[in-house]
Amino acid sequence: MRSKAAAARIRRLDVQGAISVAKAGLQALAYDAKHSKAKTLAAFNKELKRNSRLLAAARPTEPALRNGLAAVQRAVASEKSMPNARLVASNAAGSYLQKLEEAKEKIVRVGVRRIMPGMTVFTHCHSSTVTAILIAAKEKGIRFKVINTETRPHYQGRITARELAKAGISVTHIVDSAARRFMNSADLVLVGADAITAEGNLINKIGTGQIALAAHEAKTDFACACETFKFDPVTFSGAYEPIEKRDKGEIWKHPPRGVRIKNPAFDITPPEYIDYIITEEGVITPYEAAHILHERAAGNI
Ligand code: RUB
């Protein structure tokens, strides 16, 4: 699929969740690079940059996508010959996609160890990383229960509930505002991540911050499962993580006159409410985020 079409799908929320968004974006960038009709390296680079900008803009709060697009541009920057540039770009995209896959497999291996028999896990929204951990735990024969929120306004929680129920996991589906009511029955809150900032803030689906507060007050562990590709280098250099604003009609199609609607897609959970982050590099605290960013910039991970 071409970048323009992929960006439209991502914008329309036909593609959901940070890793799926990154995969769809990188696949489209590779497709366009492979089929590029550019005659010169300059024209090819211009095309690559335009497509990258288009894809990145489709979901502003997704460093996993942005980091991948940047990796492809870096690979092509040192290329001197035109026919080769196409291959270099599509190979770089392929290699990033493979690293994402491997990271998820490792996170699952680490995360499964945190799912104990008899436990109740509370989750929010739909994270492919979280569901992969929970399904792997079930396949390992661990018996546990899940409480999951419906996740207004787009109801991504229904995707989670459906996937877990299909895997034979006991799921209780609740409205978002019932989080505090059910927090005392949970042993662990496990959510995904869209971004981790240099200061260790977690950016995830709107409502995550409230759930973290409720978990903190109820003394329930709060953890997030996150590929280190979602740690955002721009926050290391001082920029704030942008928070995507979504269509107001998702909340109320025809509100009465004079009613203002706001629909931020994500919120910020500060590090003091996060017990640990499960990454492919192992379990870390949010305060180690800057170290991870440093290691990645140095090419050590
Ligand atoms: C999805 C969401 C998910 C993260 C992580 O929001 O907040 O928790 O993206 O998902 P939306 P994954 O549905 O608005 O994209 O673990 O699959 O990367």
Any chance you could check the Cα centroid distance between the range 231-299 and the range 87-157 for me, in angstrom? 18
So, with +1 on the Cβ of K and R and -1 on the Cβ of D and E, and no other charges, what is the size of the charge dipole of the chain about its Cα centre, to the nearest 20 debye? 1420
Jot down the per residue volume, in cubic angstrom and as a whole number, of the convex hull over the alpha-carbon atoms of the range 57-173. 125
Build a GNM of the chain with springs between Cα atoms under 10 Å: which of S52, S237, S36 gets the top mean-square fluctuation? S237
Pull out a ≥ b ≥ c, the square roots of the eigenvalues of the alpha-carbon gyration tensor of the range 102-223, then state rounded if a/c is under 1.5, prolate if not and a/b is larger than b/c, and oblate in the remaining case. rounded
MRE, 222 nm, helices only [DSSP H, n ≥ 4, -39500 (n - 2.57), over the chain, to nearest 500]: -15000 deg cm²/dmol
Defining a contact as two alpha carbons under 8 Å apart and six or more residues distant in sequence, what relative contact order in percent does the chain show? 17
What share of Cα pairs, in percent, lie more than 19 angstrom apart in the range 1-68? 25
Accessible surface of the range 113-297, 1.4 Å probe, proportion on carbon and sulfur as whole %: 53
For the range 201-301, alpha-carbon Rg relative to the globular expectation (2.2 N^0.38 Å, N residues): 1.31
Once fully extended, how much extra length lies between H254 and S95, figured as 0.36 nm per residue of separation less the alpha-carbon to alpha-carbon distance? 52.7 nm
Taking only the alpha carbons of the chain, the radius of gyration and the largest Cα-Cα distance, Dmax, both in angstrom, are 19.8, 63
GNM result for the chain, Cα springs below 10 Å: residue of K230, K104, K138 fluctuating most strongly: K138
So how tilted is helix 128-139 from the main axis of the chain? Cα-based, degrees 0 to 90, rounded to 10. 60
Could you work out how far helix 18-34 tilts from the main Cα principal axis of the chain, as a 0 to 90 degree angle to the nearest 10? 10
Using a 1.4 Å probe, what is the accessible area per residue for the range 47-122, in Å²? 47
Between F222, F266, F44, where does the largest GNM mean-square fluctuation fall for the chain, given springs only between Cα atoms within less than 10 Å? F44
Whole-percent carbon and sulfur share, accessible surface of the range 3-106, 1.4 Å: 54
Expected output is a single nm value to one decimal: the length gained when fully extending between N300 and R53, i.e. 0.36 nm times separation in residues minus the C-alpha distance. What is it? 86.2 nm
Cα-Cα longer than 28 Å, checked against K4/K39; K4/K37; K49/K245; K104/K248; K145/K248, kept in input order, equals K104/K248; K145/K248
Compute the Rg/Rh shape ratio of the range 183-246: radius of gyration over Kirkwood radius, all on alpha-carbon atoms. 1.02
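The values are calculated or read from the model by the stated rules, or taken from the named source; none is laboratory data. Keep in mind that what you see is a predicted model, and the values were worked out from it rather than measured. Cβ sites come from the backbone with ideal geometry, for glycine too, and all protein chains shown count toward neighbours. Please note that ligands, DNA and RNA were not included when accessible areas were found on the heavy atoms of the full protein model with its side chains. Shrake-Rupley method; radii C 1.70, N 1.55, O 1.52, S 1.80 Å.
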